[in-house]
Structure formats: C-alpha cells, structure tokens
Amino acid sequence: MIIDVLELGKSCTNTDKSLRRLNLVSKAKQAHFDNLCDWYTHLLKKSPTGSIRIHVLRNIVTADPENVQHILKSRFENYPKGKPFSVLLGDLLGQGIFNVDGDSWTFQRKMASLELGSVSIRMHAFGIVESEIRSRLIPLLSSASGNQRVLDLQDVFRRFSFDNICKFSFGFDPGCLEFSLPVSEFAEAFDLASKLSAQRGLAASSLIWKAKRVLNLGSEKELKQAITMVDEFAQRMINQRREMGFSDKHDLLSRFMRTIDDDKYLRDIVVSFILAGRDTVASGLTSFFWLLSQHPKVESTIREELERVVPSCDDRPFVTFDQMREMHYLHAAVCESLRLFPPVQFDSKFAQDDDVLPDCTFVRKGTRVTYHPYAMGRMERVWGSNCLEFNPERWLKNGRYMPENPYKYPVFQAGLRVCLGKEMALAEMKCVVLAIVSRFNIRVADPNRKPIFAPGLTATVRGGLPIFVQERGA
Ligand code: HEM
C-alpha cells in the first residue's frame, strides 16, 4: 500500500522551495519538523510498506531494503540516474562519472575502479591525509586551544577535505586549511557552481533556468562564471602535467592522462571526483563530532581502543593502515554515525520502463524513484527498536566489526554503482577522529542545538558546528 502525501500533508518548517511552491506544506505553521528529511522519515514510518508516493512530484520514495536492492542491483539497468539529473549538473560535471549512464559510465567505472583499487593509490591517499592532519589540522586546533576562540568545526572539515581531494585528484594543494583560513578562489568557484547547479532542481519548471541560461541572466550568469573558473583551473592543471610529465606522478589526473588525451574528458572525470569526495567527508565528520559531544562514553572507548592497539607512543594519533584495521570499535562508531547522519540523505533514479517493486508498488515509466538512507537509519523495521540510539555496539560481534547488508545501509549507495571512494573516505574519517580525540577535548558551543540541514546535494548543517577546543593535559 502506498500513502499519498497530499492526504498526510503534515507541517514542516524547513521544507525545500519546490515543495513550498507546490503548496504541499504551505499550511505548515505548526512546525512539527526541523528538517525536510525528518518529515519524509515520519511519512515513511507511517506507511505500512515503507514507501510513499508524492503524486505532484511524480516521485516514489522508499525506505525498504528489498526495494533498494531491486533498484540498485536486480533491475539496475531500469533505474539509471536519468536525464533530469544529468541536465541539472551537466554544465559543471559534463561527461564525468557522476553524471553519466550507459557506456560512458561503464568505461569510467572500470578505469576508476582499477586505479582506486590499487594499493599504491590508497597509500598515496593515506599519506596526503596524514600530512594535512600533521601540518595543518593539529596546529590549527592547538592554536585555538584554551583561548575561548570559537571555531566552526564544519568549516574546518570542509577546508580539510577540499585540500585533500584536490591534492588527490590534481596533485594541487589549494591550502584552504592554512593558519589564516584563506579564501581560495577555486574552492569558492567550485562551491558556487555546485550550489547553483543543485538549485536548478528547485525551479518550478526547468524552462525557467534554461531560459535564464540562454539569456545569461541572474543565477545562470553567476553559474557560468563559476564554471569558467573551474574550467580554467582544470586546464592549467592539465597543461602543467603535459609540460612537466605525468608518468611518475600519483595523482588521479596523471593516472588518467596515461590512457586519455582528451582534455575536456579529463577535466570532467576529475571534477566529478572533487564533487563526490569533498563535502561528503566533511559532512560525515561534522555529524560524528556532534554525536560524540552527546556521547562521552563512545569517545572514551575510542581512546581506550587506541591505547590498546598503539601502546604508549609519542606519535600516537598517527597509526599505520594495519593498526587502524585492528580498531573495530572506531570503525563501528564511524559507520554508526553515518547511519544516523548520512552525508547523502537521499538519492534518486528514473525508471526507464514500467516496473513493480518488491513491495508491490507500481512504477510507471519516467517516475523518479528515491531511496532514503536518512529515513532508513530511523526505521524500527530496519534497525530495531533502538534505531534512534547512537550505538556503535550494534556493529560488533565479540568485539569484531560485522558489516551489514548494504541495501539496509545504502549510505555509500550499493550494488553496481556503489561509491568508489568508500574505503578511502572511511580511512580519512578515522584518521581525523584519532588525531582529534587523542589530543583534544572538543566542546560544542551549544550542545542543545540539533543539526538543521541546508538544502543541497550533501547534508550541510546550517550555521556550522561552533566548538571550543582544549588540548588534553594542557
Ligand atoms: C563519507 C564519505 C562519502 C559518502 C557518504 C559517499 C557516498 C556516495 C554515494 C551515496 C554515491 C552515489 C551517488 C549517486 O549516484 O548519485 C557515491 C558515488 C561516488 N562516490 Fe562517494 N561518498 C563518499 C566519499 C567519496 C570519496 C572520498 C570519493 C573519491 C575519492 C568518492 C567517489 C565517488 C564516486 C567517483 C562516485 C560515483 C560512482 C559511480 O557513479 O559509479 N566518494 N558516493
């Protein structure tokens, strides 16, 4: 059975513009929910099947793991990303892996899987993250320690992950986390381009932004300027590689340049990686430290585990890859935090042909089908009666981490198009967590404020995460 959202129309304070324009929640003054994703969660919980149909948006939203498996694996070919999505991000992402289906996707996926699966690139990524932590993150936090200076931890993580993903993708260091927290023109252009591309999806009709694009007006003019800056930057990087050689370089661009010589295609591939890997990691870390501030026991257990695996050593925050693999509790805590606060809260596909989902929902050709990791993390029928608790132990059996069914936990998507940076992202997050909890105590400035998310491609907390930091033992 499918619940019709029009009938349920409950209130929501932070709903997105498109829903407002459609008048779905215009009566929403009683303010039940702070976040749109909480409203969806509420509706999905009420549905006996765990799926809802939003007629006005031609959208089916599901939180049922069997449906998710069907969309992402069993009938993968019937659920591409589809044109409606690729058109919105097309000017920024071009033909990059994130934005294409079919043969172009298959080709890039194979090539990127080979590159990202290699031990050498993982060690390279690990080295980049360690150096950014050592030379920038720790000195910055130390400088703020004890002096009542409020730091926005979300901003720190966004800078941190932008430096890392640029070094990894282009071999270029934008230095966003330098001590003075400088403005990086490239980071700003990239942020603006992703924000304005995503906002195209909020227009009542695509004709509006398309007309503005033809006439080069308003937000479309700004978007064009921002994309031009991204293009120029990427071209400079490619030219530098051609002049200085790329055969011995480890960054992704150099690796791809060994097989591809079309500059536009190279630019598109690398820009997709920056989009995929930047805000997601920063979002995951921000929620993690918010949750940790509410659960000091989890923090002390992470510290105990670190001391057990790496007994007294001056360089303790910096563990080896193998030592990190022994930290089952840390891994469980990071997975648990992503379960409750997935950086990609929902993700949509478009049905190519009529279909029926495993819960018997009929899907008409062209319908948007959305799976909702944020809601799934809050469903009793998926995670049990303690689903709302931040409980790393749920991932452990006899102290060892046990992976879950990926369709019950599609935080990194799942199936044929599962995130290519999953292992790297988890390693990066764990390195940061160890570096911070072993050296610092973090106090959230307003512990009672729950995260309220701004609309966008990735979950970003409105107002950031203001914290005070204190060096341990100081
Ligand atoms: C906590 C961090 C991360 C999360 C939660 C995450 C999640 C996801 C999700 C949900 C998708 C599917 C999106 C879609 O198809 O619309 C995805 C795809 C992808 N991710 Fe990640 N990601 C993370 C970090 C990274 C990093 C660090 C990289 C790169 C180094 C990366 C590279 C990719 C790529 C290339 C794809 C496209 C795969 C394809 O279409 O075949 N991700 N990721």
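Please report, in whole Å³, the volume per residue of the convex hull around the C-alpha atoms of the chain.
On the way: hull volume 72.3 nm³, N = 474.
Given the Cα convex hull of the chain, per-residue volume reads 152 Å³.
Just the number: Rg to Rh for region 251-382, Cα atoms, Kirkwood Rh, two decimals.
1.10
For region 196-322, place one equal point scatterer on every Cα, skip the solvent, and apply the Debye formula. What is log10 of I(q)/I(0) at q = 0.10 Å⁻¹?
For region 196-322, the Cα-only Debye profile gives -0.64.
Could you please tell me the mean projected area of the C-alpha convex hull for region 337-474, averaged over all directions and given in square nanometres to one decimal?
The Cα convex hull of region 337-474, projected and averaged over all directions, gives 11.4 nm².
Say the dipole of the chain comes from +1 at the beta carbon of Lys and Arg and -1 at that of Asp and Glu; which of Gly464, Ala234, Phe170 then lies farthest toward its positive end?
Gly464
For each pair in Lys210/Lys349; Lys110/Lys264; Lys212/Lys450; Lys212/Lys422, compute the distance between the two Cα atoms and list the pairs where it is over 28 Å.
Lys212/Lys450; Lys212/Lys422
Sorted by packing (mean other beta-carbon atoms within 10 Å per residue), highest first, where do 34-47, 138-151 land?
34-47, 138-151
In 10 Å bins starting at zero, report the fraction of Cα pairs in region 398-461 per bin as a rounded %.
Percent of Cα pairs in each bin: 15, 29, 41, 15, 0.
Go ahead and estimate [θ] at 222 nm for the chain from helices alone: -39,500 (n - 2.57) per DSSP H run with n ≥ 4, summed, over the residue count, rounded to 500. Each step should come with its number before you reach the end.
Details: 21 runs with 239 residues, N = 474.
It comes out at -15500 deg cm²/dmol, rounded to the nearest 500.
Given points 7 Å out from each Cα along the Cα-Cβ axis, report the Val87 to Ser131 separation in nanometres with one decimal.
4.4 nm
Take the eigenvalues of the Cα gyration tensor for region 246-316, scale each by 5, and report the square roots as semi-axes in whole Å, largest first.
39, 19, 6
Relative contact order for the chain: what is it in percent, counting Cα pairs under 8 Å that are at least 6 residues apart?
Values: 702 pairs, mean separation 110.1, N = 474.
Relative contact order here is 23 percent.
So if I place +1 on the C-beta of Lys and Arg and -1 on the C-beta of Asp and Glu, and nothing else carries charge, what would the dipole magnitude of the chain be about its Cα centre? I want it in debye, nearest 20.
1200 debye
For region 167-264, take every pair of Cα atoms, bin their distances at 5 Å starting from 0, and report each bin as a whole percent.
Once binned at 5 Å, the Cα pair distances of region 167-264 give 2, 11, 18, 17, 15, 14, 12, 8, 3, 0.
Please give the length that would be gained between Met123 and Asn448 if that part of the chain were fully extended, namely 0.36 nm times their separation in residues minus their C-alpha to C-alpha distance (nm, one decimal).
Contour length minus Cα-Cα distance gives 113.1 nm.
So if the hydrodynamic radius of region 29-130 is defined as the Kirkwood radius over C-alpha pairs, what does Stokes-Einstein give as its diffusion coefficient at 37 °C and 0.692 mPa s, in µm² per second?
190 µm²/s
Bear in mind these aren't lab numbers, they're just calculated from the coordinates by the rules spelled out. Predicted model only: the values in this text are computed from it and were never measured. Reconstructed Cβ throughout: ideal geometry from the backbone, glycine too, with neighbour counts over all protein chains shown.
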